[in-house]
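Colleague: Before I ask anything, let me first share the structure, which is written out below as structure tokens.
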Amino acid sequence: MSMFPRTRLPILFLGLGLLGLLALPACGDDGAAGPVIDTESEYFHAELFPTTKVVEPETSEQLLALEADGTLVFVADSAFAAALAVNDVVAMGITDATPKGFMGLVTAVAPGVDSVRVTTAKCPITWAFKSLDMRVHGAANFEDLKAAPGAPGAPTTPGLETQLRPLGTGKLVVDFYAFNGDQDPGTPEDQVHVQGSLEGHLDYWYGMKIDWPDVIDWPPDVAPEVTLGMDVSAGEAVDLRVDGMASKAFSRSESLMKVPLKPFAVWFLVFFPELEVKATIKGGARGAYSVQVSQSAEAGFGAHLSTEDGAEFIPPHADLDFPAPAVTSSESAQVSVDVGPQVHLRLYDIAGPYAGVTGFLELNANSDASPCWGLVGGLRGLIGFDIEILGFDIFNWNRDFDIASDG
């Protein structure tokens, strides 16, 4: 049974609790309770260590700046800064000085005539919470791309402005050349042209749980139990046409569009979701070929990983609709196309889990064989977690997998 109620499949990730490997703060057993949020799709229950000091909205005016090295600059008469001590953990959500939120370990407090400078170092969120049990829900779809700042006409690869165009119904137009030998769209004999439309959604439920032992000596000789999770429900509908006459082998992968979605905060934990659309096409041919295919699918998938139980991948389930394709080929061709969305959810815009789905088609044609061509279409998935602190990979795990196929 999942630790995250009202979800379809559990996906547990270890990592966000390991956001640093620095000196530990001194702390006792009594903690402060945070706000409790209970809705149909999300909840938040937490107990802080007494050394965790939160800059609430009413005290955020005392903070003047956050410098690049992590130094917090408070007004000279700040009551909040005056109460800080070395090895306290300072945390805050989005403020004028911390647009991405902030958490840090106090290493020095220096009062001055004009300000109080508080030097901090990176620290993991496990140092802030004696216990934590939370889950949030988010959703991304192509309607978000239409409304997102900078999305239309701002693909991630220069010169590809016409590749992906938002439409009024949350559908995107795909139009790009995977190969074009002379860079002239009017000469089809040396090109591979991909056209079509794409629509989809990716819903996720992200959960995180931290549980320290009842008695802790600092520095501790034990670690808390940490489980993190994301349930995923995704769907995609793809209409693609690939026309080619290229004789050379080709391979091209593109990030067609990358758009930051609206950040959200749960108390002082600030999450930054990002939606990206990726495409990969590769293959080779002798002679001309054309493939036109439509498919749609809905899927749920997952994995789980925890400090207590390790990792377990949970196989996906899916419903796939793959009508008969239209294929012509004069000689031989091997072509594969993958295209679809991916969501990355980053705590404090640093690191976090990611998941995605891609619709794919694979053509193998040979005029001397019978039948002279074969085409497989379907849906693939990706799920993983990355985390990097100060240039070092602390935790990196991912899994690519087939969800469903037909052909």
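Colleague: For the stretch 172-286, give the percent of accessible area contributed by carbon and sulfur heavy atoms, probe 1.4 Å, rounded to a whole number.
Modeller: Here it works out to 50 percent.
Colleague: Through the Karplus equation 6.51 cos²θ - 1.76 cosθ + 1.60, θ set to phi - 60°, convert the phi angles of the stretch 202-211 into ³J(HN,Hα) values in whole Hz; use x for Gly and Pro.
Modeller: Listing the rounded values in order: 8, 9, 9, 10, 9, x, 9, 9, 10, 9 Hz.
Colleague: Which cross-chain or sequence-distant (5 or more) residues have an amide H under 5 Å from the amide H of residue 278, H modelled 1.01 Å from N in plane?
Modeller: 256, 340, 342
Colleague: In whole Å, what are the extents of the stretch 260-322 along the principal axes defined by its C-alpha atoms, from largest to smallest?
Modeller: The principal-axis extents, from largest down, are 59, 31, 24 Å.
Colleague: Taking amide H positions as placed 1.01 Å from N in the peptide plane, with prolines and chain starts having none, which residues 5 or more places from residue 86, or on another chain, fall under 5 Å of its amide H?
Modeller: none
Colleague: I would also like to ask the following. Give the accessible surface of the stretch 86-129 per residue, rounded to a whole number of Å², with probe radius 1.4 Å and ligands, DNA and RNA excluded.
Modeller: I get 38 Å² per residue for the stretch 86-129.
Colleague: Over the stretch 262-400, give the accessible area per residue in Å² for a 1.4 Å probe, as an integer. Please list the in-between numbers first.
Modeller: Working: 5760 Å² over 139 residues.
It amounts to 41 Å² per residue over the stretch 262-400.
Colleague: Please give the length that would be gained between residue 225 and residue 67 if that part of the chain were fully extended, namely 0.36 nm times their separation in residues minus their C-alpha to C-alpha distance (nm, one decimal).
Modeller: 53.6 nm
Colleague: So who's got an amide H within less than 5 Å of the one on residue 349, skipping anything under 5 residues away but keeping other chains? H placed 1.01 Å off N, in plane.
Modeller: 272
Colleague: Could you pull the accessible area for residue 58 with a 1.4 Å probe, rounded to 10 Å²?
Modeller: Counting only protein heavy atoms, residue 58 exposes about 140 Å² to solvent.
Colleague: How much net charge surrounds residue 293 when only other residues with a Cβ under 12 Å from its Cβ are counted (Lys, Arg +1; Asp, Glu -1)?
Modeller: -3
Colleague: Convert each backbone phi in the stretch 342-352 into a coupling constant with the Karplus relation 6.51 cos²θ - 1.76 cosθ + 1.60 (shift: θ = phi - 60°), then list the ³J(HN,Hα) values in order as whole Hz, x for Gly and Pro.
Modeller: Ordered by residue, 3J(HN,Hα) equals 9, 10, 10, 10, 10, 6, 6, 6, 10, 7, x Hz.
Colleague: Another question, if that's okay. If r is the Cβ-Cβ distance from residue 330 to residue 402 and R0 is 22 Å, what FRET efficiency results, to the nearest 0.05?
Modeller: So, using R0 = 22 Å, E works out to roughly 0.15.
Colleague: Give me the extension gain from residue 314 to residue 368: residue separation times 0.36 nm, minus the current Cα-Cα distance, reported in nm with one decimal. Don't skip to the end; give the middle numbers.
Modeller: Numbers: separation 54, 0.36 × 54 = 19.44 nm, distance 4.18 nm.
Extra length from residue 314 to residue 368 when fully extended: 15.3 nm.
Colleague: For the stretch 281-376, what class follows from the C-alpha gyration tensor (a ≥ b ≥ c being the square roots of its eigenvalues): rounded when a/c is under 1.5, otherwise prolate if a/b is larger than b/c, else oblate?
Modeller: prolate
The values are calculated or read from the model by the stated rules, or taken from the named source; none is laboratory data. All values derive from a computational prediction rather than experimental measurement. Because the Cβ atoms are built from the backbone with ideal geometry, glycine has one as well, and the counts that use them run over all protein chains shown. In case anyone asks, the SASA skips ligands and DNA or RNA and just uses the protein heavy atoms, side chains included. Shrake-Rupley method; radii C 1.70, N 1.55, O 1.52, S 1.80 Å.
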